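Here the structure is laid out as structure tokens; the discussion comes afterwards.
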Amino acid sequence: MTKRTKKRAYRLSARAESQAETRRRIVDATVELHEKLGPAHTPMSAIAERAGVTRLTLYRHFPDEAAILAACTSHWSALHPFPAAALWEGIADPATRAAAALAAHYDYYAGTRRMWFITYRDVGLVKPIQPLVAQVDAYLTGVAESLAAAFRAKGNVLRQLTVTLRHALAYATWLSLEERGLDTRGKAALVSQWLEGVRNKHA
């Protein structure tokens, strides 16, 4: 490799690093503003100002609101992933397994409540959020179906167990129980009673 080639490679590398750093600043600024104000109240101009870049630079990296929301969500989700299924999948008793999964999700909501509150508040106002929320809904539905299946129930009992668990896993349910003063253990215990009621009703 000649000196000229080395210099050119160095310049390209430095430029790529600079662009990556700019992109990170923009994403970090977006996360901060979304968590503080919400997507519906965060104009692109505010993101550019917080990140210390021009609007032209902002749009060069993220051409529209959907693109920056996707990057913001990806970054935030990587920092705050949903609980790993390994926390409960190894538990044989289905009721204990469900309680463990619920507790893990309730602790997760407790640590990330501000962003979830903002997200669900603004989902009807900011269209690009809707497919992202739909992905979360699909994930929670999958968890509920898996937990319900462990009870080895059939027909209407299985359906009611699944519906109960899906309701229990929702952020809105966590928030409602949180506002009524229940801690994680209390929330999970209450849902366990719901599940037991479904099973006893059809015993």
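The values are calculated or read from the model by the stated rules, or taken from the named source; none is laboratory data. These figures come from a predicted structure and were not determined experimentally. Ideal geometry is used to build each Cβ from the backbone, glycine not excepted, and the neighbour counts take in all protein chains shown.
A few remarks follow.
- For the stretch 124-149, the set of residues classified as β-branched (Val, Ile, Thr) and crowded, with 19+ Cβ neighbours inside 10 Å consists of 126, 129, 143, listed by residue number.
- Test result for residue 95, closer than 30 Å to residue 166 by Cβ, over 21 Å from the mean Cα position of the chain (by Cα) and not assigned by TED's automatic domain parsing to the domain that holds residue 20: yes
- From 110, 138, 172, 103, residue being in contact with a helix residue (DSSP H, G or I) (Cβ under 6 Å, 6 or more places away or on another chain) and modelled with pLDDT of 95 or more: 103
- Test: residue in the stretch 64-81 that is farther than 30 Å from residue 143 by Cα and either modelled with pLDDT of 90 or more or touching a Phe, Trp or Tyr at 6+ places or on another chain (Cβ under 9 Å) (or both): yes
- Among the residues of the stretch 150-176, those identified as within 24 Å of the chain's Cα centre (by Cα) and either under 17 Å from residue 91 (Cβ atoms) or in contact (Cβ under 8 Å) with a residue 40 or more places away in the chain (or both) are 161, 165, 168, 169, 171, 172, 174, 175.
- Selection within the stretch 106-146 - aliphatic (A, V, I, L, M) and touching a Ser or Thr at 6+ places or on another chain (Cβ under 8 Å): 110, 129, 132, 133, 144
- Neighbours by Cβ (under 7 Å, 6+ apart or cross-chain): first from the stretch 88-101, closer than 17 Å to residue 194 by Cβ; second among the aromatic types (Phe, Trp, Tyr): 94/151; 97/88; 100/88; 101/88
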